[in-house]
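The structure under discussion appears below in the form of structure tokens.
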Amino acid sequence: MRGVQVFAGMLGRPAQEALVDDLRAVVRAAPLFSPMTPYGKPMSVRMTSAGRYGWLSDRRGYRYSETHPSGRPWPPIPDSVLAVWRAVASEAAAPQCCLVNFYGEGARMGMHQDRDEGDFGQPVVSVSLGDSALFRIGNLTRGGKTESVWLESGDVVVIGGEARLVYHGIDRVKPNSSTLLPEGGRINLTLRVVDP
């Protein structure tokens, strides 16, 4: 789809459960928080990160930081997550950030580009866990026709090459479409290379 690679069903249920277990340890070390856009509007997702860098949004803007809002360093990216990166982006540099977004009921992510990184030659790898989400892919500029696909738990997406800067977003999440997370919701991991 528009140069974006979708690996449907790449991760089976045992692999998904192992990822969720590892992410619980990440969240214990770096609790989920509710980011604010630079315009003062709260985002509908809650997030945290693992790796050398984490991604933040607040009144000062969008940026990477070496520390959680608590001031503590981010925990390391779990090996189970790095294994997914190596499986689909083996020629890329090692990721320095794993952004963890949690989508509860009604959460969405507006159309955006991932452009806070220093080298757009490196891909962004996305892992879907939990409830299904309607993923929309646009163009290199705002507007125009878009395409959409439902991402299921265990799907992996690679945004790279000529598609690296396409606009993309999550229009909605289908509640109770997965039994992976006991209380429902969707976890999305995005792995990025931050420094060139």
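The values are calculated or read from the model by the stated rules, or taken from the named source; none is laboratory data. Please read all numbers here as calculations on a predicted model, not as lab measurements. Every residue, glycine as well, gets a Cβ built from its backbone with ideal geometry; the counts of neighbours run over all protein chains shown.
Can we say S44 is polar (S, T, N, Q), part of a loop (DSSP other than H, G, I, E, B) and either over 21 Å from G160 (Cα atoms) or in contact with a helix residue (DSSP H, G or I) (Cβ under 9 Å, 6 or more places away or on another chain) (or both)? Please lay out each step first, then the result.
Details: polar (S, T, N, Q): yes; part of a loop (DSSP other than H, G, I, E, B): yes; either over 21 Å from G160 (Cα atoms) or in contact with a helix residue (DSSP H, G or I) (Cβ under 9 Å, 6 or more places away or on another chain) (or both): yes.
Considered against the rule, which asks whether it is polar (S, T, N, Q), part of a loop (DSSP other than H, G, I, E, B) and either over 21 Å from G160 (Cα atoms) or in contact with a helix residue (DSSP H, G or I) (Cβ under 9 Å, 6 or more places away or on another chain) (or both), S44 comes out as yes.
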For segment 24-57, which positions are charged (D, E, K, R), modelled with pLDDT of 90 or more and more than 19 Å from L181 (Cα to Cα)? R52
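In segment 139-186, which residue that is assigned to a strand (DSSP E or B) and aliphatic (A, V, I, L, M) is nearest to Q113 (Cα to Cα)? Full working, then the answer.
The first filter runs over segment 139-186 and keeps only residues assigned to a strand (DSSP E or B), leaving 147-151, 156-159, 168-173, 186.
The next check asks that each one be aliphatic (A, V, I, L, M); those that pass are 149, 151, 156-159, 170, 173.
Working: V149: 18, L151: 19, V156: 18, V157: 15, V158: 14, I159: 10, I170: 12, V173: 20 Å.
Result: I159.
Restricted to segment 153-185, and to residues that are of a type in the set (D, E, K, R) and more than 16 Å from A15 (Cα to Cα), which residue is surrounded by the most Cβ atoms within 10 Å (Cβ to Cβ)? Working first, answer last.
Going residue by residue through segment 153-185, those that are of a type in the set (D, E, K, R) are 155, 162, 164, 171-172, 174, 183.
Going one step further and asking which of them are more than 16 Å from A15 (Cα to Cα), we end up with 162, 164, 171-172, 174, 183.
On the way: E162: 9, R164: 21, D171: 14, R172: 13, K174: 13, E183: 6.
The selected residue is R164.
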V100 being closer than 21 Å to R172 by Cα and touching a helix residue (DSSP H, G or I) at 6+ places or on another chain (Cβ under 8 Å): yes
Does segment 59-75 contain at least one residue that is surrounded by fewer than 16 Cβ atoms within 10 Å (Cβ to Cβ), touching a helix residue (DSSP H, G or I) at 6+ places or on another chain (Cβ under 9 Å), in a loop (DSSP other than H, G, I, E, B) and not hydroxyl-bearing (S, T, Y)? yes
Would you call L129 in contact with a Gly (Cβ under 9 Å, 6 or more places away or on another chain), surrounded by fewer than 22 Cβ atoms within 10 Å (Cβ to Cβ) and touching a residue at least 24 places away in the same chain (Cβ under 8 Å)? no
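Within segment 95-120, which residues are of a type in the set (G, A, S), within 28 Å of T141 (Cα to Cα) and under 16 Å from the mean Cα position of the chain (by Cα)?
Initial filter on segment 95-120 (of a type in the set (G, A, S)): 104, 106-107, 110, 118.
Restricting the remaining residues to those that are within 28 Å of T141 (Cα to Cα) gives 106-107, 110, 118.
Those that are of a type in the set (G, A, S), within 28 Å of T141 (Cα to Cα) and under 16 Å from the mean Cα position of the chain (by Cα): A107, G110.
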